[in-house]
1. As a check on your grasp of the helix formula, calculate [θ] at 222 nm for the chain: sum -39500 (n - 2.57) over DSSP H runs of n ≥ 4, divide by the residue count, round to the nearest 500.
2. Express in nm, to one decimal, how much length is gained between E282 and E95 on full extension, taking 0.36 nm for each residue of separation and deducting their alpha carbon distance.
3. Can you run phi through the Karplus equation (6.51, -1.76, 1.60; θ = phi - 60°) for the stretch 263-273 and list ³J(HN,Hα) in whole Hz, with x for Gly and Pro?
4. Per residue of the stretch 283-292, what does 6.51 cos²θ - 1.76 cosθ + 1.60 with θ = phi - 60° give for ³J(HN,Hα)? Whole Hz please, x for Gly and Pro, Karplus curve as stated.
5. Starting from the 7 Å offset along Cα-to-Cβ, what nm value, one decimal, do you get for the label separation of E418 and E59?
6. Set the Förster radius R0 to 45 Å, insert the Cβ-Cβ distance between N103 and K197 as r into 1/(1 + (r/R0)^6), and round the FRET efficiency to 0.05.
7. Counting only protein heavy atoms and using a 1.4 Å probe, what share of the accessible area of the chain belongs to carbon plus sulfur, as a whole percent?
8. Report, by chain and number, residues whose modeled amide H sits under 5 Å from the one on Q187, excluding near sequence neighbours (fewer than 5 apart, same chain).
Amino acid sequence: MKSIISNIYINSPYIVKRLFANLEAIRRDKYRKSEDIDYSNFRTFKTVSQSYYNVSLVENFIQEAANNVPYYEFLKEYTTHSEKEFENIPLLTKEIVRGNLENLFSKNVVNINQQLWKGSSSGSTGMPLKYYRDKQSVTIERKQYNDFYTYCGCDINDKSVRISGVKVASFNKKRPPYWVYIDRYKQLQCSAYHISKETYKDYIRAFKKVKPTYATGFPSGWAALAEAMIEDGIVYKGLNAIITDSEGLSLEKKEKIQKAFACPVYQTYGLGEVGMCSVQCENGNYHILPSHYVEVVNENGNGVEDGNIGEIVVTDFNSSKAPFIRYATGDMGIMYRTPCGCKIETPYLSNIVGRIEDYILTKDNRKVTRVTQLLKPAIGINESQIIQVSREEIVINVIPNENFDKESMKLVVKNAKEFVGDMNVSWRVVDNLERMPSGKLKFLIRKF
Ligand SMILES: [Zn+2]
């Protein structure tokens, strides 16, 4: 049923679409605001100087989970007077979430639809992961986004432009609009799926007409626009900042976006399951929001020394109705607690390094990470993506530009074999990279 409605929406005339998008915005607003929250009770982005591990906050949170959430009954045996003790709590993995959907929320929840947000994320293998999230956490996340936009020099009451995976036009649509204007949010919501060398000027024209003062959305969408603009020597001015979310963003692409739009780019980091948990400052570091507790751990779930890489593990303190405690994100990072030099004083991740599942699995079960290095010899490609089809085969999708050198791909294949061993490595030119069901782009997709 949902897909029928969505099809009607996607194919309807612009004015009908705009009406529907606005009605949906009103419904969402109502949903977000239906619970009165006293924000002063919460540690938010602006309250930065508090001690990172707050014993009483953690203890109350853990106790509530132990008493009310069936899955977390075992927490009654745990004490959490210190960070070291907290580390004894077993990690919450995606597999556990998958198997305990109905045990992971509080017995005090009387109306699931009213108190919980039902979400779905792409999960580590591309299989959708269903979960419940405390609605309070969703509401506070929204507030923290607004605080962060303000920090970045944006006025949240001004017009904005967003590029995302929200489907606003059918995939084969060849003429604009590839967007819809949502009056209630004063937001031009644009499709990430329709940006190309042929269409990017339509987007710029729409921006010029609407005159947004700040921008948000998928980094891959903004980078695609930026790359097309740089190729034609076009710069768009008028945005105070672009704040990206949902996907990773390389330094190289960030710089391209900054060049094409003549404004700073700030990346945020979070997951649907636990919300936004860190934000990038002007020095490019990802500061942890005080609403979350973030650890970087080794394969045994114990914290690694600052400055060392490990898996990012997140606890969302606003999620007491559906708590996620020590959630293993599958992302890798390096933590620092020394001053960064900016105004935000919380610990930070210096960078978010790939995804833990981003590895090629070789015939002999080795995990080859940092797979971007396979592409190093390539000359003249805009974007690329590795598809591991089986243990025997990887295919490299490339989107070439006019400097493309086919010969260099021979070196890529040779180079790749040095990393992955005896495997069939081939490459092909594609128009679009493959996306996850959620619309996110991933550099490496493993199909088994
Ligand atoms: Zn900083």
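The values are calculated or read from the model by the stated rules, or taken from the named source; none is laboratory data. Bear in mind that the values here come from a model prediction, so they are computed numbers and not experimental data. In this analysis, Cβ positions are derived from the backbone assuming ideal geometry, glycine residues included, and neighbour counts consider all displayed protein chains. Only protein heavy atoms, including side chains, enter the accessible area calculation; ligands, DNA and RNA are left aside. Shrake-Rupley method; radii C 1.70, N 1.55, O 1.52, S 1.80 Å.
1. Theoretical 222 nm ellipticity from helices: -8500 deg cm²/dmol.
2. 63.7 nm
3. 7, x, 10, 10, 9, 10, 10, x, 9, x, 5
4. Couplings: 8, x, 8, 9, 7, 7, 6, x, 6, 10 Hz.
5. With each label placed 7 Å out from Cα toward Cβ, I get 5.7 nm.
6. 0.35
7. Solvent-exposed carbon and sulfur of the chain make up 51 percent of the total.
8. Answer set, sorted by chain and number: S160, I182.
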